[in-house]
1. Return the residues of the range 249-274 that are assigned to a helix (DSSP H, G or I) and either more than 11 Å from the ligand (Cβ to nearest atom) or more than 19 Å from the chain's Cα centre (by Cα) (or both); say none if nothing qualifies.
2. Name every residue in the range 131-187 that is in a helix (DSSP H, G or I) and over 27 Å from residue 36 (Cα atoms), in order of residue number.
3. Name the residues in the range 85-111 that are in a helix (DSSP H, G or I) and within 16 Å of the ligand (Cβ to nearest atom), would you?
4. Criterion first (over 23 Å from residue 252 (Cβ atoms), at pLDDT below 95, away from the ligand (no atom under 14 Å from the Cβ) and buried (at least 23 other Cβ atoms within 10 Å of the Cβ)) does residue 142 satisfy it?
5. Scanning the range 216-236 for residues that are over 20 Å from the mean Cα position of the chain (by Cα) and touching a residue at least 24 places away in the same chain (Cβ under 8 Å), which turns out nearest to the ligand (Cβ to nearest atom)?
6. Exactly one condition in (1) touching a helix residue (DSSP H, G or I) at 6+ places or on another chain (Cβ under 8 Å); (2) under 26 Å from residue 147 (Cβ atoms); (3) modelled with pLDDT under 95; (4) surrounded by 13 or more Cβ atoms within 10 Å (Cβ to Cβ) is false for residue 91; which is it?
7. Filter the range 116-130 down to the residues that are touching a strand residue (DSSP E or B) at 6+ places or on another chain (Cβ under 9 Å) and in a loop (DSSP other than H, G, I, E, B), then identify the one that is nearest to the ligand (Cβ to nearest atom).
8. Tell me which residues, restricted to the range 71-84, are surrounded by 12 or more Cβ atoms within 10 Å (Cβ to Cβ) and in a loop (DSSP other than H, G, I, E, B).
Ligand code: G1P
């Protein structure tokens, strides 16, 4: 049985909700406490067994690629000055993990960004992690457990997995919202007390409250069978004039099973100024308390 070892992280967006911070620094490199936001997302992928990470980027985002590369001159200088521990801490990426970047070209939407990774992903099934969403690495198991659970379920039945979480009524318009199967379709109630999986009938991207089929919002973690690429290739622009990932998922659902998994623990939105600032305070407090 083939394991999930590849993940796509789309990082091409301009981060307009994070201006002026994101004008010359990619929003993914803005700090959450003492590390850039994307550091936690890559750690999460690695904790779930991912070995090949594909960043889908843009000319202005090459600083992200540099963050995951070895800076040999800096490394040499730190070691010459006896700062071995600091140099070691910068080389935290395991030797068997690769991070590569491919360009999206025109930014035509999230679905288009995921499709741009196809030349590197090839025939593999793969995960997608949206870097605006950072799962709590401190007080809950969310950073280590959610993606690992989704991968385990995918490897058991090869059905694509989408992570969802309850959101307040006033927030449904910001997300892709899941419509569960009419029979409720819970698949694994006795499998785990934390995450539960359900069959999903479809998604509505950024609905108004009256149109929202539930309060279960797509969090930004997906595990896809490779077939999603064929559906993405056939997806045209819709909501917001963008090629939406949720439209391709809907097409996938009509021919193959797709499940949603409920999130355990907490997530933080690092792509919106107000919630980013709250997340920064939370991460910094945790690290100050842990003397990290
Ligand atoms: C994207 C997805 C949406 C999902 C959200 C999670 O929207 O299209 O389905 O709920 O991420 O953050 P975006 O926030 O990129 O507009």
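1. Result: 250, 251, 252, 253, 254, 255, 273, 274.
2. Listed by number, the residues that qualify are 152, 153, 154, 155, 156, 157, 169, 170, 172, 173.
3. If the condition is that a residue be in a helix (DSSP H, G or I) and within 16 Å of the ligand (Cβ to nearest atom), then 110, 111 are the ones that fit.
4. When the stated conditions are applied, residue 142 passes them.
5. So the residue we want is 235.
6. (4)
7. Checking each candidate, the answer is 130.
8. 71, 83
The values are calculated or read from the model by the stated rules, or taken from the named source; none is laboratory data. Source: prediction; values computed, not measured. Heads up, the Cβs are rebuilt from the backbone with ideal geometry, glycines too, and the neighbour counts pull from every protein chain shown.
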